[in-house]
Amino acid sequence: MTGYRLGAGSDIDQEQRVHFRFNGKSYQGFQGDTLASALLASGVQVFGRSFKRHRPRGVFAAGVEEPGALVQVGVGARTTPNVRASRLPIHEGLEACTTSHWPSLNLDLARTFDVFSSLIPAGFYNKTFIWPSWQFYEYFVRHTAGFGHAPRAPDPDRYAERTIDVDTLVCGGGATGLAAALEQGASGASVLIAEQDSRFGGSLLSSPMQIVDQPSEQWLTDLLDRIDKSPNIEALTHTSVSGIYDHNLALLVSHAIAGRARETLLSVRAEKIIIAAGAIEQPLVFEHNDRPGIMLLSAMQSYLHRFGIVAGKKIVLAGNNDLLYKAASDFAHSGVSVEAIVDSRCEPSAPYKHLGLTVHHGCQVVASKGGKSLQGVTVTHLNGGDLATKSFDIACDALGISGGMAPTVHLACHAKTPLAYDQSIAAFVPVVTGGGIEVIGAAAGNFDLDASLELIASGQMRTPVATYSRGIGDRFARAGNTSKQWVDLLYDVTIADLDLAIRENYSSVEHMKRYTTNGMSVDQGKTSNLNALSHLAEATERTISEVGTTTYRPPYTPVTLGALVGERSGRFYAPVRELPMHKQHLALGASMELYGDWVRPSTYLKAGEDEASAVNREALAVRQGVGICDGSALGKIEVRGPDAAEFLNFIYLNQVPSLKAGRCRYGLMLNEQGIIFDDGVFCRLGKDEFLVSTTSAHATHVYQWMEEWLQCELVNMDVTLMNATESWANVTLAGPNARALLGRFESDIDLSNEAFPFMAIRTGQLEGVPVRILRVSFSGELGFEVYVPSAYGASLWSEALARGADLGLTPYGVETMMVLRIEKGFLHVGSDTDGQTVPRDVGMGGIAARKQADFIGKRSLSLPNNVREDRLELIGVEPIDPRGELIAGAHLTARGEQRSQGYVTSACFSPTLNRPIGLALLEGGRGRLDEEIDSFDCGIRRRLRVRSPVFFDPEGARLHG
Amino acid sequence: MFQIECPYCGARDEREFHFGGEGHLVRPGESVDDESWAQYLYFRDNPKGVHFEQWCHRFGCGTWFNIARDTVTHEILRVYPITDSRPERKSA
Ligand SMILES: [Zn+2]
């Protein structure tokens, strides 16, 4: 093609030059140009290679339907693949390059694919790469396939999100969309119009006409002026409706909204959605219809009117409808004469006689001629459906083709609007059924703009279909080599491929699509689906209605992941919770890690220590002196009301009503399947008042779970729940010196062993601050959990550190806490239990059996699977060699056997015992104490001994002390 | 994404809600046989058409309630309190 700039275009400002680079070469265009228009004006013909056969591809369209000119834009972290050149505005310094070629555009090794094209028919990938293996071919395929590459660095840009509620959303800012928006807005309703293009006007921009005896430019200016003056109408260009979802939710991606965001995702919920998405011109199918220089007629007009570009020196127009004559007349107005028109219909079109055009009626283009660029077309007479044997050539360097317009039905399909095939326009139209969706104008198959506007003005949105004034002819050439007749230009699907699929019985529309990949590329078949269906129908002697259509799903055009992710990346991916003593931990040099959604100290590393030695030091300090730990992440749920005891008795496996005020009890919660779901201590503060302590990870879940049971099942119980987890800080003191340290604080609570025994709770004040103290222990040592309002947590922590220095007070983190509890065999739900663990498996079957009242999961405990003898049971394990290794997650087998009988659930090095120890779930484990078994991990067997899970202080003397 | 009418807060986006599965399940007493208990635990209605289900306005008022929803069109036919009995399929 030898395109050139004729003069002014409505999109460009010829005063402002813009410099950019394409494939490393410098070019210039004007402000307002797209990459496609600027390159066409510079005479560039080849924009890329097709996906499979790597054939040269030029600019085929001027809009989102572009199947050929896909480019890679930008460099470094901002580089973007798959960008349609026809949609990319140029700016100073823009860098772009072609994509589907390797190693370079002109020396494309994979071009050999085309030479051997008969070897890569439909289903090629499915059939070929099986032997010897896919990996054998992967390197070559990965290098030659695809449309560019993803950036290697993290995305440096920001993306915004906006949620909008409107009365009416209008999808498409062409003539009918704008008119409908004004009509809807007249009553004061809020209206949002979204237009994917850079300007409003739709097809009027590419093909100006008279509207109501007025030039369309003037009509459009007046309309936009009125919209501008309507405060209730928001009009956005550069904004694409990517999908319509349930209950009239539309997702829009906008590049128009000013600010620091590269793209904005708009979630729009509308009472009514008016789809005014226009129509997309369909191509003709003939031999070598993929040659650069061949483009849609509508694209030729768009480049002419919007960018002042003429596609070639010698232009031929070919098609099956009256749009040919409108285009020829547009060219004539610009002083460009068209060489010839090839119209597959037999009857001449009267209104265009005066143009003095050479028109070949009843003729088809059956082939294009040339190499990388177009040099001519071969035309043959159609004779009652058959082709005459004699054909003739017309020399040309640009061919505009029109197979008629097909309504853009995609959005209507997203909204589940059924489609019907309309013979009069040879395309599908949506059959609107209500539900807050309307389709108007060309999107509804109504190509008579005056008629559409009249209906809109009368408040009637649903429009009957208008036909082309002289009907529509054939889109398929009736002669030629079908393996050179392209249907899908992007994925290289030809008529021969479709025929092969049909021969191999992939003749259902869904099968054919997937087998041939027709319409499956980034353009989603905007210019290929209809022709494929038409051919399938004809070849299988069915009607198109019988063949049906594949489903159009969102997104309408590709959406960047950035737009969908918005601000939810990096540290904004999920909320992170900080403890009340967060700053104190940082000041002590703690290594902070994420446990659930809490950032907590794992250990407090001292100079020269690694994590293992820090854990050992901290654990020994707790056993020998006193440790301090931030337990604030533990869940704290307050349960109040006359039925509080009865409610908790249903929630817990354990007896609740018998618990006396001021006392605590350890309990398990089960789900209805009998599986252990959470554990912790519950405390009775008064007759009708309880405090439930949950695991840190499950606090929110347990609270929601209790609410669900209360609201949905135990509806007659008078109970109020409050999740007070973040209201209270928890400073845990553990170790033989814990009481001595706590005694250094002024308090009205008697800390003596007699007045304040193990598993008791006391409330009062500590240094004038309200306090709840629990005498419980997750370390096996004398322990106090001191709860103060969160705001006092930091000062209590700091004071304790100051007052406990001479008692050897040592801060310890989560990792140390885990070592201490493994030494004691204390359960950690989620580590030592899995999705099948019931109470009997962890030695709590007796409690369940003794409880009379019903509770969640009770009935499930007697199901046959839950009483099997060979169930996995929690036991302790240790390597027979004290210097050996113990790996959490390792499988357990009988000595020398293969079958897994369980696995190690927790493992650590015990500094107290100076050897590795662990907990495990083992088949019939409680009956196998002292047995020697094997662990198996990553191919390595290790010998272990089964032990009681309580490795340290089995009598519990220390925590009762 | 649905738009759901919370009985207390009005129409809100689905992302504020938690789906709680089929509604109107009757929890059997402890004395039922294994088969009936398993039915209650694991077997759910999966109609093409009206489905009765419970939802919680978790990131709102926290209320659980019932809805009747058409599983084909996703139209929400009725929103009613959690304690109400199951409506007739036709009148939903
Ligand atoms: Zn609510």
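The values are calculated or read from the model by the stated rules, or taken from the named source; none is laboratory data. Quick caveat, the model's predicted, so the values are computed rather than measured. For neighbour counting, all protein chains shown are included, and Cβ atoms are generated from backbone atoms with ideal geometry for every residue, glycine included. We work out accessible area using only protein heavy atoms, side chains counted, and drop any ligands, DNA or RNA first. Shrake-Rupley method; radii C 1.70, N 1.55, O 1.52, S 1.80 Å.
Summary of values
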| read-out | value |
| --- | --- |
| Criterion: touching a residue at least 60 places away in the same chain (Cβ under 8 Å) and under 14 Å from A:G172 (Cβ atoms) - qualifying residue of A:G202, A:G243 | A:G202 |
| Candidate set from the range B:65-75 (those that are part of a strand (DSSP E or B) and in contact with a Phe, Trp or Tyr (Cβ under 7 Å, 6 or more places away or on another chain)); member that is farthest from the other protein chains (Cβ to nearest Cβ) | B:A68 |
| Within the range B:78-91, tally of residues that are more than 12 Å from chain A (Cβ to nearest Cβ) and under 15 Å from B:E22 (Cα atoms) | 7 |
| Contacts under 9 angstrom Cβ, first residue in the range A:315-339 being in a helix (DSSP H, G or I), partner of a type in the set (D, E) and open to solvent by less than 40 Å² (accessible area, probe 1.4 Å), 6 or more apart | A:L323/A:E281; A:L324/A:D343; A:Y325/A:D343 |
| Residues (away from the ligand (no atom under 16 Å from the Cβ) and of a type outside the set (G, A, S)) located in the range B:60-82 | B:R69, B:D70, B:T71, B:V72, B:T73, B:H74, B:E75, B:L77, B:R78 |
| Members of the range B:12-34 that are more than 16 Å from A:E672 (Cβ to Cβ) and either more than 11 Å from chain A (Cβ to nearest Cβ) or free of Cβ contacts under 8 Å to residues at least 12 places away in the same chain (or both) | B:E16, B:F17, B:F19, B:S31, B:D33 |
| Residue count, the range A:657-681 (criterion: in a loop (DSSP other than H, G, I, E, B) and either at pLDDT below 95 or over 20 Å from A:G843 (Cβ atoms) (or both)) | 7 |
| So A:T540, is it of a type in the set (S, T, Y), under 25 Å from A:D422 (Cα atoms), surrounded by 16 or more Cβ atoms within 10 Å (Cβ to Cβ) and over 15 Å from the mean Cα position of the chain (by Cα) | no |
| In the range A:582-625, the residues that are without any contact (Cβ under 8 Å) to a residue 24 or more places away in the chain, part of a helix (DSSP H, G or I) and open to solvent by 50 Å² or more (accessible area, probe 1.4 Å) | A:L586, A:A587 |
| Extreme residue, nearest to A:E932 (Cα to Cα), among residues of the range A:858-875 that are surrounded by 14 or more Cβ atoms within 10 Å (Cβ to Cβ) and either at the interface with chain B (Cβ under 10 Å from one of its Cβ atoms) or among the β-branched types (V, I, T) (or both) | A:I875 |
| Qualifying residues in the range A:35-59 (those that are touching a helix residue (DSSP H, G or I) at 6+ places or on another chain (Cβ under 7 Å), open to solvent by less than 10 Å² (accessible area, probe 1.4 Å) and part of a loop (DSSP other than H, G, I, E, B)) - the one nearest to A:L296 (Cα to Cα) | A:V59 |
| Odd one out for B:D45 among (1) open to solvent by less than 60 Å² (accessible area, probe 1.4 Å); (2) away from chain A (no Cβ under 11 Å); (3) modelled with pLDDT under 95 | (1) |
| Test: A:T112 is at pLDDT below 90 and of a type in the set (S, T, Y) | yes |
| Those residues of the range A:473-491 which are at pLDDT below 90 and either buried (at least 24 other Cβ atoms within 10 Å of the Cβ) or aromatic (F, W, Y) (or both), in sequence order | A:L490, A:Y491 |
| Selected residue (criterion: modelled with the lowest pLDDT) from residues of the range A:343-388 that are under 17 Å from A:G480 (Cα atoms) and among the β-branched types (V, I, T) | A:T380 |
| Matching option when the condition is open to solvent by 10 Å² or more (accessible area, probe 1.4 Å), at pLDDT 95 or above and more than 30 Å from A:G846 (Cα to Cα), among A:G641, A:G743 | A:G743 |
| Unique residue being within 14 Å of the ligand (Cβ to nearest atom), open to solvent by 40 Å² or more (accessible area, probe 1.4 Å) and either modelled with pLDDT of 95 or more or within 14 Å of the chain's Cα centre (by Cα) (or both) when the list is B:H57, B:H24, B:H18 | B:H18 |
| Residue ID - farthest from the other protein chains (Cβ to nearest Cβ), chosen from residues in the range A:844-857 that are open to solvent by less than 30 Å² (accessible area, probe 1.4 Å) and hydrophobic (A, V, I, L, M, F, W, C) | A:M844 |
| In the range A:876-924, the residues that are among the acidic types (D, E) and open to solvent by less than 50 Å² (accessible area, probe 1.4 Å) | A:E878, A:E923 |
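For every residue, the table says whether it meets (1) buried (at least 18 other Cβ atoms within 10 Å of the Cβ); (2) away from every other protein chain (no Cβ under 14 Å); (3) not acidic (D, E).
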| position | (1), (2), (3) |
| --- | --- |
| A:A250 | yes, no, yes |
| A:V253 | yes, yes, yes |
| A:A256 | no, yes, yes |
| A:A261 | yes, yes, yes |
| A:T264 | yes, yes, yes |
| A:A270 | yes, no, yes |
| A:I274 | yes, yes, yes |
| A:E281 | yes, yes, no |
